[in-house]
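The values are calculated or read from the model by the stated rules, or taken from the named source; none is laboratory data. Nothing here was measured: the structure is a model prediction, and the numbers come from that model. Here Cβ is always computed from backbone atoms with ideal geometry, including for glycine, and neighbour counts include all displayed protein chains. These accessible areas exclude ligands, DNA and RNA; they are computed on the full protein's heavy atoms, side chains included. Shrake-Rupley method; radii C 1.70, N 1.55, O 1.52, S 1.80 Å.
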Amino acid sequence: MSTTSPGLAVRQLLSGIIDYAGLFPPAGLELNETTTNFVGYLRHPDAWMLARLVVPAGKLAGLKWPAGQGGGQPLPVSVLIPGIEPDAAAFGKALEQVLANLTNTVRVGDAVAIETRADSVAGLERTASRIAELEGCRAIPVFWEMPHDKPELPELIEGLRSLRRVEFDAGLVPRHCAKIRTGGVEAHLIPPLDQVAGFIHACALARVPFKATAGLHHPVRGDQALTYQPNSPRGVMHGFLNVFLAAAAAWEHGAPVRSLESILAVDDPASFQIEGDTIAVAGFRLTASQLGRTRVEFALAFGSCSFIEPVEDLVRMGWPLESRECEVAASTT
């Protein structure tokens, strides 16, 4: 296996960018297989691109390192809990499951997060209040999936901005972040360019960080199979390079929605140019320091049911990663 060191701009853009979600479609693996995959990826030459393991709260109790591994350390996880709307009881049960596993599964701090949903400002405020009441959850970042195609979006993002301001004024590290669903196993679940651009722009204006989930298996926008099944339906999927470089343009340059749409629309891999310690696309030149700030402060990660697939695609594009040859996982996770 030949190797090369990634350039600084590539390292800053891609470090810790993938939250592995093998439990979810289209992979849909069992917990043990997903955990085994994740632990294996932690030893991969490109493990620097890996962040957390995404797990529903109901599966936390069964989460453990493979036999003989881990040294007693908890796994870094992002825990999914249902929104308080419409089922407050399910939300409460999931929150109890998180608390019950804080000591033996979930590592408090940067290695753990909660992901939930808010469809109204009232629901956002109720959920945030419940989480804040729980001592063990006060330090955990919370990502709020929001209806990016609904008129409530600006009000919800403003609600997150307000929550972050209250935490900052109290001397705490602001932890409330947005989340956008960028795809799914059916074409109609892929949001159009203007909605993704509008979401990124609104979050940048409010200085609210975000993560993305679903439909970002590939670096560059293009027509792709939506599942791993034969005769899978196809659709034009967003590229994670498009999304995160658009985020950098919004965060660092205040790019307007139209410019963000232009970056999101790029479908030629050759249009992403690595030039020294910069990456250029669609008229924007982003330095390593700008990309680093964007990733730390704004565009935090994306959830993918595959870790190998995004890495392999980058290698095929000729991007300088640690590993120039990647073995395809038999499970296509």
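Couple of notes before you dig in:
- Dipole magnitude for the chain: about 540 debye, using +1 per Lys or Arg Cβ and -1 per Asp or Glu Cβ, origin at the Cα centre.
- For the range 136-292: rounded, prolate or oblate by the Cα gyration tensor [a/c cutoff 1.5]: oblate
- Between the alpha-carbon centres of the range 239-267 and the range 276-306 there is a gap of 10 Å.
- Shown here for the range 176-270: trypsin sites (Lys or Arg not before Pro) in loop regions (DSSP other than H, G, I, E, B) with at most 15 other Cβ atoms within 10 Å, namely R207.
- Based on DSSP H segments of at least four residues, each scored -39500 (n - 2.57), the chain has a per-residue ellipticity at 222 nm of -10500 deg cm²/dmol.
- Among H201, A265, A89 the positive-end extreme of the charge dipole of the chain (Cβ point charges): A89
- Cα convex hull of the chain - mean projected area over all directions, nm²: 16.5
- Sorting 92-100, 212-220, 79-87, 198-206 by their mean Cβ neighbour count within 10 Å, with the most densely packed peptide first, gives 212-220, 198-206, 79-87, 92-100.
- Positive dipole terminus of the range 266-312, leading residue within S304, L291, A280 (C-beta point charges): L291
- Projecting label points 7 angstrom from Cα along Cα→Cβ for A61 and D223 puts them 4.8 nm apart.
- Using the 1.4 Å probe convention, the accessible area of the chain works out to 42 Å² per residue with neighbouring protein chains retained.
- Relative to the compact-globule estimate of 2.2 N^0.38 Å, the Cα radius of gyration of the range 157-210 comes out at 1.37.
- Computed from point charges on the beta carbon alone (+1 for Lys and Arg, -1 for Asp and Glu), the dipole magnitude for the range 179-309 about its Cα centre is near 380 Debye.
- Each peptide in 264-271, 278-285 receives the mean, over its residues, of other Cβ atoms within 10 Å, and ordering these scores from highest gives 278-285, 264-271.
- Eligible lysines near K93 by straight Cα distance, threshold 18 Å, same-chain separation 8 or greater: K59
- In the chain, the portion of solvent-accessible area held by carbon and sulfur atoms comes to 52 percent [1.4 Å probe, whole percent, DNA, RNA and ligands not counted].
- Considering only alpha-carbon pairs that sit under 8 angstrom and 6 or more positions apart, the relative contact order computed for the chain is 22 percent.
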